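Data first, discussion second: the structure below is written as structure tokens.
The values are calculated or read from the model by the stated rules, or taken from the named source; none is laboratory data. These numbers come from a predicted model, not from an experiment. For neighbour counting, all protein chains shown are included, and Cβ atoms are generated from backbone atoms with ideal geometry for every residue, glycine included.
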């Protein structure tokens, strides 16, 4: 067994951009880790770009060849492989897994991961890093001081004309709301409360996705009224607005926090301590730190995701 594998406590599966970011943060935090990729070419690229050793062949071959016990694992592979890799790690005995959003490419796959995680008594968490944005953390402080969110709205418009030409399978594109739009939907519901009641409308279609135009409204479990809209065949961008009795908190782009105070029409950019979101991919450092410390309170678990897809995302899609 190579010396650089011995006594490692953390596993990274994947060698793409996200895996590189995890490796960068783990190095900064002084954690020992092993990186596994699938193809030799991609592993070589990872090593050239990071200077960190990586192993080719995939997680299943690695697990069969090495009798090691890891405290935690990061799953940073393509959407089509998220569920299968997570299942392999669960069978391998890893109890703490942070898997890239949305965790799988279908409700069926999510349910399979959730079932095995329950059986193994494991923690499988979704890497919705926007929950850890500096802008979100600052907003949560303001919301708490103001006594909670009264109402909120969000937009998850996708640029359909660009997505059409992206090199993803038709299956992934058809699940694009969960694969990509859920990033902003999760952020909005995380801050304002997940729905207690929701009414959804959708219509129109694109060459790669049906529907293409969305709107809806409801009341959250924290008793805040909310609404949303998105039109994937028109101009637009992601955005979230949280409204308390004293402030309107505007995230557009999501990394920045703009504030409108009661009694004023002025909208000002809030000064936030975002040094970690500038040095690293936004939200990642605090997300990794929380995960490795065992503080799972701000994460979406695989069980949460199963519930969210069943009760909310499928309704928004009109399924």
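Does the range 302-317 include one or more residues that are surrounded by fewer than 17 Cβ atoms within 10 Å (Cβ to Cβ) and not in a helix (DSSP H, G or I)?
The answer is no, given that none of the residues of the range 302-317 is surrounded by fewer than 17 Cβ atoms within 10 Å (Cβ to Cβ) and not in a helix (DSSP H, G or I).
How many residues does the range 276-301 hold that are in a helix (DSSP H, G or I) and free of Cβ contacts under 8 Å to residues at least 12 places away in the same chain? Give the derivation first.
Of the range 276-301, the ones in a helix (DSSP H, G or I) are 276-279, 284-293.
Next cut, free of Cβ contacts under 8 Å to residues at least 12 places away in the same chain only: 278-279, 293.
Final tally of qualifying residues: 3.
Out of 256, 223, report the one residue that is touching a helix residue (DSSP H, G or I) at 6+ places or on another chain (Cβ under 9 Å) and farther than 22 Å from residue 166 by Cβ.
Selected residue: 256, the only one of 256, 223 that is touching a helix residue (DSSP H, G or I) at 6+ places or on another chain (Cβ under 9 Å) and farther than 22 Å from residue 166 by Cβ.
So residue 273 ticks every box in (1) at pLDDT below 95; (2) within 15 Å of residue 135 (Cα to Cα); (3) touching a strand residue (DSSP E or B) at 6+ places or on another chain (Cβ under 7 Å) but one. Which box is left unticked?
That leaves (3) as the condition not met.
Surrounded by fewer than 19 Cβ atoms within 10 Å (Cβ to Cβ) and touching a residue at least 12 places away in the same chain (Cβ under 8 Å), is that true of residue 69?
On the way: surrounded by fewer than 19 Cβ atoms within 10 Å (Cβ to Cβ): yes; touching a residue at least 12 places away in the same chain (Cβ under 8 Å): yes.
Spelling it out, residue 69 is indeed surrounded by fewer than 19 Cβ atoms within 10 Å (Cβ to Cβ) and touching a residue at least 12 places away in the same chain (Cβ under 8 Å).
Report, by residue number, each residue of the range 188-207 that is assigned to a loop (DSSP other than H, G, I, E, B) and surrounded by fewer than 18 Cβ atoms within 10 Å (Cβ to Cβ).
Of everything in the range 188-207, those that are assigned to a loop (DSSP other than H, G, I, E, B) and surrounded by fewer than 18 Cβ atoms within 10 Å (Cβ to Cβ) turn out to be 204, 205, 207.
With respect to residue 195, is the statement that it is more than 25 Å from residue 132 (Cβ to Cβ) and at pLDDT 95 or above true?
no
Being in contact (Cβ under 8 Å) with a residue 12 or more places away in the chain and surrounded by fewer than 20 Cβ atoms within 10 Å (Cβ to Cβ) narrows it down to one residue among 119, 174; which is it?
174
What number of residues in the range 260-270 are part of a loop (DSSP other than H, G, I, E, B) and in contact with a strand residue (DSSP E or B) (Cβ under 9 Å, 6 or more places away or on another chain)?
Residues that pass the stated criteria total 3.
Taking the stated definitions as given, is residue 43 outside any helix (DSSP H, G or I), farther than 24 Å from residue 277 by Cβ and over 22 Å from the mean Cα position of the chain (by Cα)?
No.
Determine whether the range 193-216 contains at least one residue that is out of contact with any strand residue (DSSP E or B) (no Cβ under 8 Å at 6 or more places or on another chain) and touching a residue at least 60 places away in the same chain (Cβ under 8 Å). So that I can check it myself, show each step before the final result.
We begin by selecting, within the range 193-216, every residue out of contact with any strand residue (DSSP E or B) (no Cβ under 8 Å at 6 or more places or on another chain); these are 205-210.
Retained after the next criterion (residues that are touching a residue at least 60 places away in the same chain (Cβ under 8 Å)): none.
Checked the range 193-216: no residue is out of contact with any strand residue (DSSP E or B) (no Cβ under 8 Å at 6 or more places or on another chain) and touching a residue at least 60 places away in the same chain (Cβ under 8 Å).
For the range 209-225, enumerate the residues that are surrounded by fewer than 18 Cβ atoms within 10 Å (Cβ to Cβ) and more than 24 Å from residue 150 (Cβ to Cβ).
Residues satisfying the conditions are 210, 213.
How many residues, within the range 101-116, are part of a loop (DSSP other than H, G, I, E, B), touching a helix residue (DSSP H, G or I) at 6+ places or on another chain (Cβ under 7 Å) and surrounded by fewer than 24 Cβ atoms within 10 Å (Cβ to Cβ)?
So the count comes out to 2.
Those residues that are crowded, with 21+ Cβ neighbours inside 10 Å and either without any contact (Cβ under 8 Å) to a residue 40 or more places away in the chain or part of a helix (DSSP H, G or I) (or both), I need them from the range 122-135; list them, please.
Result: 129, 130, 131, 132, 134, 135.
If residue 240 passes every condition in (1) surrounded by fewer than 19 Cβ atoms within 10 Å (Cβ to Cβ); (2) part of a strand (DSSP E or B) but one, which one does it miss?
It is condition (1) that residue 240 fails.
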